[in-house]
Amino acid sequence: MAQAPMSCDCFVSMPPGSRDDHVIFGKNSDRPREEVQEVAHYPAASHPPGSTLECTFIQIPQVEQTHAVVLSKPAWMWGAEMGANDQGVCIGNEAVWTREAVAPGEALLGMDLVRLGLERGDSAWAALTVITSLLEQHGQGGQCREDPEPFSYHNTFLLVDRNEAWVLETAGRLWAAQKVIEGVKNISNQLTIGAEISAEHLELRSVAQAQGWWDGEGEFNFSQVFSPENPPARMELAKQRYRGGTALLKQHEGSVTAEVMMSILRDKPSGICMDSGGFCTTGSMVSVLPRDTSLPCIHFFTATPDPSRSIFKPFIFSDCSTPVLRVVSPQFGPDDPVKKQPRFQNKVDRRHDLYKAHQAALNTMETNPDMGLAVYEILRDLESQCLNEISAMLNGEIPGDELGDLFFDCVDTEIKFYQ
């Protein structure tokens, strides 16, 4: 049997690709199988001038004002795999390898850049400029999994707001970006930007020419110039995922909704929902960004592995929403293995309450499939009810402020069903 492709996948559908006048964002985060992903909300904040910010491995200058964010993040790191802010911006990242060598030492992780873009950017383009500026100042690098065995990479990003999307692809401190204003688009663990470059690093072409990767006269195709001559197997296998994701998006083009995006993220035959080997889908996210700015954006998270055996729970930014601590992992302070030098010399239990309950339910499904299936069918009904309430809100039938605690209620109900 052919090896299943391993990679993350990010998707966006923009009108007329979407059924309604909504931008739909989706991502599966494929990470080491035992890694716990938490969903954390951080309110908007003001910071004293001259203060510093501690990211996963390095400190950088803090800005005076940061936006509220909700993040799906590996529990051991500061940054996030994907998330959204209260300005209607969503970002997800992907691992990629290029002709530019991954720099040794610690810098900003791609996941740090996701969070920084969300905290500091009030649009997809503003978030892109935040990321590229920080990339040029601080570089990218450092250990990308909770393990002493080295594993580092460069990053690509999908940045989305109510009006447009940007694909941002990096090679060290260099980068190229492509604007998307309609239809559907997806990215996986590979470079996809060709000659249609909307913005780029000032020295992108001169570096490529100096390295002998481009003659300076023919068409400048970013993916051809910067893709490695001998790409790692993960990138080669991702091509299957990219083609599969593109096919699923095209199949639904003109009718993409949140439900359709969830079905794509749950698709196992394409490998988009990964559940084999050392990596699996550890968290998933779908967002609905209405073009009508009087309507709120809705962000759905699983907070548990394998979206085909999890439910998506809706989060809406609200001034009075209840903190959802049952999807937030324990904190270990200075004793955390990521904080101590040398790093990652031991493991700690980062499972949050929902993760533990979900694990127990999956074990029940293995030993008592009928009971497990019955519980899961009830939970999928809960997901459908939430989707119906969201649809009613977007149609003006339910005030949005009545749904501010929906994420809390859904997490609480899911845990009770598991128990």
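Just a few scattered comments:
- Residue in region 342-363 that is touching a His at 6+ places or on another chain (Cβ under 9 Å), open to solvent by 10 Å² or more (accessible area, probe 1.4 Å) and assigned to a loop (DSSP other than H, G, I, E, B) present: no
- Number of positions in region 157-190 that are buried (at least 23 other Cβ atoms within 10 Å of the Cβ), outside any strand (DSSP E or B) and modelled with pLDDT of 95 or more: 1
- Within region 229-263, the set of residues being at pLDDT below 75, open to solvent by 60 Å² or more (accessible area, probe 1.4 Å) and over 18 Å from Asn28 (Cα atoms) comprises Ala233, Glu236.
- Scanning region 272-303 for residues that are within 17 Å of the chain's Cα centre (by Cα) and either small (Gly, Ala, Ser) or not in a strand (DSSP E or B) (or both) turns up Ile272, Cys273, Met274, Gly283, Ser284, Ser287, Cys297, Thr302, Ala303.
- In region 240-249 there is no residue matching the filter, namely being within 23 Å of Met14 (Cα to Cα), assigned to a loop (DSSP other than H, G, I, E, B), more than 20 Å from the chain's Cα centre (by Cα) and without any contact (Cβ under 8 Å) to a residue 24 or more places away in the chain.
- Among the candidates Gly79, Gly117, Gly88, the residue that is free of Cβ contacts under 8 Å to residues at least 40 places away in the same chain, buried (at least 20 other Cβ atoms within 10 Å of the Cβ) and not β-branched (Val, Ile, Thr) is uniquely Gly79.
- Screening the candidates Leu134, Leu113 for the property of being under 24 Å from Phe301 (Cα atoms), out of contact with any Pro (no Cβ under 9 Å at 6 or more places or on another chain) and not in a loop (DSSP other than H, G, I, E, B) yields one hit, Leu113.
- Selection over region 139-152 of residues that are crowded, with 21+ Cβ neighbours inside 10 Å and closer than 14 Å to Ala101 by Cα gives a count of 3.
- Look at region 188-207: where a residue is among the charged types (D, E, K, R) and a partner is part of a loop (DSSP other than H, G, I, E, B), sitting 6+ places away or on another chain with Cβ atoms under 8 Å, you get Arg205/Trp214; Arg205/Gly216; Arg205/Phe220.
- Residue check, Ile378 open to solvent by 50 Å² or more (accessible area, probe 1.4 Å), among the β-branched types (Val, Ile, Thr) and at pLDDT below 90: yes
- The single condition among (1) over 27 Å from His138 (Cβ atoms); (2) in contact with a Phe, Trp or Tyr (Cβ under 8 Å, 6 or more places away or on another chain); (3) open to solvent by 20 Å² or more (accessible area, probe 1.4 Å); (4) assigned to a loop (DSSP other than H, G, I, E, B) that Glu217 does not satisfy is (2).
- All of Asp335, Asp319, Asp306 fail the test of being more than 25 Å from the chain's Cα centre (by Cα) and of a type in the set (D, E, K, R), apart from Asp335.
- Scope region 34-50; condition open to solvent by less than 30 Å² (accessible area, probe 1.4 Å) and assigned to a loop (DSSP other than H, G, I, E, B); matching residues: Glu35, Val36
- Checked across region 53-67, the condition of being surrounded by fewer than 23 Cβ atoms within 10 Å (Cβ to Cβ), part of a loop (DSSP other than H, G, I, E, B), free of Cβ contacts under 8 Å to residues at least 60 places away in the same chain and of a type in the set (Phe, Trp, Tyr) holds for no residue.
- Just one of the numbered conditions (1) modelled with pLDDT of 95 or more; (2) not in a strand (DSSP E or B) is not true of Ser7: (1).
The values are calculated or read from the model by the stated rules, or taken from the named source; none is laboratory data. Just so it is clear, the model here is predicted, and its values are computed rather than measured. Please note: Cβ atoms are built from the backbone with ideal geometry, for glycine as well, and neighbour counts cover all protein chains shown. All accessible areas refer to the heavy atoms of the entire protein, side chains included, with ligands and DNA or RNA removed. Shrake-Rupley method; radii C 1.70, N 1.55, O 1.52, S 1.80 Å.
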